[in-house]
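This report concerns only the one structure given below.
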Amino acid sequence: MYSHDPLPSVDRRRTEIRHLNLPCEFVAPSTKAAWEKRARALREHILVSMGLWPNPARSALNAEITHRVEREGYSIENVRFQSLPGFYVTGNLYRPAGDGLRPAILNPHGHWKEGRLNHEPAGSIPARCINFALQGYVAFAWSMAGYNDSTQLDHRTFGDDRKQLWGLSLMGLQLWNGMRSIDFLQSLPDVDNSRIACTGASGGGTQTFMLTAVDDRVRAAAPVNMVSAHMQGGCICENGPNLRIDTNNMEIAALAAPRPLLLVSATGDWTVNTPELEYPAIRAVYALYDAEECLAETQIDAGHNYNAESREAVYAWFGKWVLGEDGRNVGRDTSDRFKDRPVEVEPPEKMLAVTPDNRPDVWVDEDGLVSTWIERVRKQLNSMKPDDARSLRRFRQVMSAGFRSIIGSPGLPDDSLVETWLGRRKTDAGTVRQGYIGWKDAGERIPVTEFHPAGVARGAVLVVHPDGRTGLTGDDGQEPGRLIQQLLSRGLVVLAVDVFLTGEAEGEMDTSSFAYHTTYNRTVTANRVRDVVTAAACLRRSSGLSSVSLVAIGTAGPWSLLACGLCPQIVRAVIDLDRFDVDDDEAYEEHLFIPMIRRLGGLSTAAALATPADLFLHNAGPALDPDDTEDAYRAAGAMECLRTQREPADMHQVVAWIDEGP
C-alpha cells in the first residue's frame, strides 16, 4: 500500500449521513463562467428533484374568482385555479384601487397555524398583502397543500417511495404551484409581467428562494428567516428527494444572482449567523457579476417571524428595486409610504375560495392526483420517444441530464480519480492486483481486483456481480473464476468490483436515524450505479484504452444498465436483466429504488441512452418491450448493435459478445 493512502479508511457514504441540521458551507467559484456552468447544472438538478424535468405541460388554469370585496384603496378577491387538472391552487388576490399596469408580489406562507390567513404580531399574511396593495402592487397569497381551503392533500403525510419514484412530492407540487401562480399573475390584464417579485417567511422563505432559483420571471426576492447554513428546512414540503445532495440552501439562494435579493434574518432562530456567514458566502456570487448592490441583508432582533419590522425592510427593498424608488437604506426607511400600516382584516371564513357549498366538480383527492400525475408522465415520455437522429439527440440531452442528477454521475476528469493498490502477484493466467478506488474528496472507498492477461491486452472488461468479487473468484478472492478465466484467455484485462454494500463492502447504511434521508443522501442503488461508472473510468485509465466493455450478472444487471447511458466509454455490454419487471413499481421500490427513476422512464430510458453501444440484454422480464429500445437504436442507425432475449445467456454467448461483438 502507498505510504499515504489518499482514500478514506472507510467508505464515508456509510458512516457520514447528511441531514437537515448538519452544518454546511458554500464557497463560490472563482470565475463567473465557472459559476454559470454550476448554476445551469444546479437548476437542472432542482427541476429533476422536484419532478419537473422534463418540463410538464401547462394545462389550462381555468381561473375563477368566487368572491370580491372592496375596501378603501384596495380590493380582495378569492381565487382558485388548476395547477394540474383537478388540483387547485386556492388564494387571495389583493389589488390596488385605480387603473394601469401594476407590479406583482407573490406571497407564499410558512407553517403558520392559519396558513395564508394568519394574522398575529409575529406574522400576518393579510397585513403584508394589504400593505403591498396600498403601495401599488397586485399581491397574491395562496395556501400550501393541507392549509385553509386547500384540502385535497394532507400536508404532513403526503409522500412515500412510490410517489418518489414518479417524481411526485409535496415540495415539487409547491414549486409547481408557485410557477403556475406566476402564470396566473401574468394572465391578469393589470399586471406588469416584467415586475414580479416574491417574498415569504420560514417555509414560505423556502418557497421564495426555490421559485426564484428556477424561474427567472421572479425579478426580485426577499426570503425571510430561512437561508441558513445549519438548518435546511424541517418539513416534508421543504425536503424533496435528492434535492440537497452536494448542495444546500445557500447555494440555491445564490441562483438569484444578479437579480435583487434581500436576506432577512432574526437573532432568535437559525438565521442568527446570516450577517457573518450566509450573506458573505452569497455575496461572493454577486461579486462575480459586479452586482453587490443587488444583494443586501438585514437582521431583526426577534424570534422566528415575519413581523412589522421585517415587513418594512422588505417594503423598502421592493420599493427600491421593483417600484424604482431609490435613496433609502434597506430596513431603515423613514418615509410613511413604506411603514407597515395598521389594517383591518376580513373574517377568515369570508376569504376561502373553496367551501363545502362551492367545491369544483373536478376536485380530485390524493389518489386522483397520483393517477393524473402518472398518466401525464406516461403521456409525456411516450411523446418523447425518438424516431430519428434529431429527436434522439434531444432525448439524450434531456434524459441524460435527468439520470446524471438522480444518480450523481461524477463527470470529473480522470485526474480526480484516486487509486490505491496493494501490490501485484503472478498467476497462471497472468497477474492480479487488489486495491481501492474513488473520486478525490468524495468519500468513497471501493474495493476492486484487476486481472491482467499474460502478454499485451487487447481489450478491457468490467464485471459486476451482486455478491461482489467473491461471486467471480476463488476462495482467496484472487484466483479468477470461470468467467474471468474465459475473458483472460482472450487477452482481456478484467476488473471485478465490490460496488456499494456488496462483497468486502457488504453492510448496511443508516437510513432511519435522520428525517428525509433521500433529500441529503444517495440511495443504495444510486451509489451502486455510481460505483459502476467509477470502476469503468478506473479500468479505462489503468488499461490505457479509450473504451471498455461491461458484463453484469443477476441483480447487478439493472444497476449496470443505468450506468451504461452515463458512461459513453462503455462501448459493449452484456446485461442480465434478472427478469426485472420494468413496469412494476414494487420491483423498483424493492430492487432499484432511486427517486425520480420512473419519472424519467426507468430501465427503458436507460437502455435507449446506451445507444450506440453494442448492447446484449438477456433474461428479460415479460414487461420489457423490445420496441422501446429498438426505436432508439433504429433512430441511431445502429439496429445491428442491439440484441434482446427472454432466456438467460450462457457463458459462451456472454464471452462471444464481449470478444467478438454483434
Query raised in the report: Within the range 86-102, is even one residue under 26 Å from ASP367 (Cβ atoms), hydrophobic (A, V, I, L, M, F, W, C) and in contact with a Leu (Cβ under 7 Å, 6 or more places away or on another chain)?
Result: yes
Query raised in the report: Can you name the residue in the range 553-600 that is closer than 17 Å to ALA537 by Cβ and of a type in the set (A, V, I, L, M) and is also modelled with the lowest pLDDT among such residues?
Result: LEU566
Report summary line: A careful count of residues in the range 543-574 that are among the β-branched types (Val, Ile, Thr), under 20 Å from GLY503 (Cα atoms) and buried (at least 24 other Cβ atoms within 10 Å of the Cβ) gives 1
Query - Answer residue from the range 486-512, given it is without any contact (Cβ under 8 Å) to a residue 60 or more places away in the chain and assigned to a helix (DSSP H, G or I) and is nearest to ALA460 (Cα to Cα) among those - result: LEU488
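Please find, among ARG71, ARG102, ARG38, ARG80, the residue that is of a type in the set (Lys, Arg) and closer than 19 Å to VAL285 by Cα. Before you say what the answer is, go through the steps one by one.
Details: ARG71 fails: closer than 19 Å to VAL285 by Cα; ARG102 fails: closer than 19 Å to VAL285 by Cα; ARG80 fails: closer than 19 Å to VAL285 by Cα.
Answer to the check: ARG38.
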Requested in this report: List the number of the failed condition for SER181; all other conditions in (1) of a type in the set (Ser, Thr, Tyr); (2) without any contact (Cβ under 8 Å) to a residue 40 or more places away in the chain; (3) outside any strand (DSSP E or B) hold.
Outcome: (2)
**Report entry** Residue within the range 143-153 that is among the hydroxyl-bearing types (Ser, Thr, Tyr), in contact with a Ser or Thr (Cβ under 8 Å, 6 or more places away or on another chain) and closer than 25 Å to PHE81 by Cα present
**Finding:** yes
Query - Pairs, first aromatic (Phe, Trp, Tyr) in the range 545-572, second in a strand (DSSP E or B), C-beta under 8 Å, six or more apart - result: TRP559/VAL464; TRP559/ALA552
Requested in this report: Looking for whichever is in a helix (DSSP H, G or I) and surrounded by fewer than 24 Cβ atoms within 10 Å (Cβ to Cβ) here; the options are TRP270, TRP176. Which one fits?
Outcome: TRP176
Report task. Being hydrophobic (A, V, I, L, M, F, W, C) and touching a helix residue (DSSP H, G or I) at 6+ places or on another chain (Cβ under 6 Å) is the filter here, so list the residues in the range 584-596 that pass it. Result -> LEU592, PHE593, ILE594, MET596
Query raised in the report: Does the range 142-155 include one or more residues that are of a type outside the set (S, T, N, Q) and touching a Phe, Trp or Tyr at 6+ places or on another chain (Cβ under 6 Å)?
Result: no
Query raised in the report: Given the range 364-466, what strands (runs of 3 or more DSSP E) lie entirely inside it while holding 3 or more residues that are closer than 29 Å to GLY637 by Cβ?
Result: 459-464
Query raised in the report: If we only count helices (runs of 4 or more DSSP H) wholly inside the range 539-627, which ones have 2 or more residues that are touching a strand residue (DSSP E or B) at 6+ places or on another chain (Cβ under 8 Å)?
Result: 556-564
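Take GLY491 and decide whether it is surrounded by fewer than 24 Cβ atoms within 10 Å (Cβ to Cβ), touching a Pro at 6+ places or on another chain (Cβ under 7 Å) and farther than 30 Å from TYR588 by Cβ. Show your work before the answer.
Working: surrounded by fewer than 24 Cβ atoms within 10 Å (Cβ to Cβ): yes; touching a Pro at 6+ places or on another chain (Cβ under 7 Å): yes; farther than 30 Å from TYR588 by Cβ: yes.
Yes; evaluated as a whole, the condition is true for this residue.
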Report task. Please identify the pairs in which a residue from the range 204-221 that is more than 13 Å from ALA253 (Cβ to Cβ) has its Cβ atom under 7 Å from the Cβ atom of a residue that is among the small types (Gly, Ala, Ser) and part of a loop (DSSP other than H, G, I, E, B), counting only partners at least 6 apart or on another chain. Result -> GLY204/GLY110
Report task. With the checklist (1) closer than 30 Å to ALA607 by Cβ; (2) in contact (Cβ under 8 Å) with a residue 40 or more places away in the chain in hand, flag the one item ARG445 doesn't pass. Result -> (1)
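Is it true that ARG195 is surrounded by 17 or more Cβ atoms within 10 Å (Cβ to Cβ), basic (Lys, Arg), in contact (Cβ under 8 Å) with a residue 60 or more places away in the chain and touching a Leu at 6+ places or on another chain (Cβ under 9 Å)?
Details: surrounded by 17 or more Cβ atoms within 10 Å (Cβ to Cβ): yes; basic (Lys, Arg): yes; in contact (Cβ under 8 Å) with a residue 60 or more places away in the chain: yes; touching a Leu at 6+ places or on another chain (Cβ under 9 Å): yes.
For ARG195, the condition - surrounded by 17 or more Cβ atoms within 10 Å (Cβ to Cβ), basic (Lys, Arg), in contact (Cβ under 8 Å) with a residue 60 or more places away in the chain and touching a Leu at 6+ places or on another chain (Cβ under 9 Å) - is met.
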Report summary line: Per the filter on the range 284-335, residues among the aliphatic types (A, V, I, L, M), part of a loop (DSSP other than H, G, I, E, B) and modelled with pLDDT of 95 or more are ALA291, VAL322, LEU323
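Look through the range 119-162, keep the residues that are of a type in the set (A, V, I, L, M, F, W, C) and part of a loop (DSSP other than H, G, I, E, B), and return whichever of them is farthest from the chain's Cα centre (by Cα).
Step one: of the range 119-162, the residues of a type in the set (A, V, I, L, M, F, W, C) are 122, 125, 127, 129-130, 132-134, 138-142, 144-145, 153, 158.
Filter once more, so that each one left must be part of a loop (DSSP other than H, G, I, E, B): 122, 144-145, 153, 158.
Details: ALA122: 33, MET144: 20, ALA145: 21, LEU153: 22, PHE158: 18 Å.
The qualifying residue farthest from the chain's Cα centre (by Cα) is ALA122.
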Report task. Enumerate the pairs (first residue in the range 605-630 and over 20 Å from ARG396 (Cβ atoms); second residue anywhere and among the charged types (D, E, K, R) and not in a loop (DSSP other than H, G, I, E, B)) with beta-carbon separation below 7 Å, excluding pairs fewer than 6 apart on the same chain, so at least 6 apart or on different chains. Result -> PHE616/ARG643; HIS618/ASP576; ASN619/ASP576
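The values are calculated or read from the model by the stated rules, or taken from the named source; none is laboratory data. Small disclaimer: the values here were computed from a predicted structure and weren't measured. Heads up, the Cβs are rebuilt from the backbone with ideal geometry, glycines too, and the neighbour counts pull from every protein chain shown.
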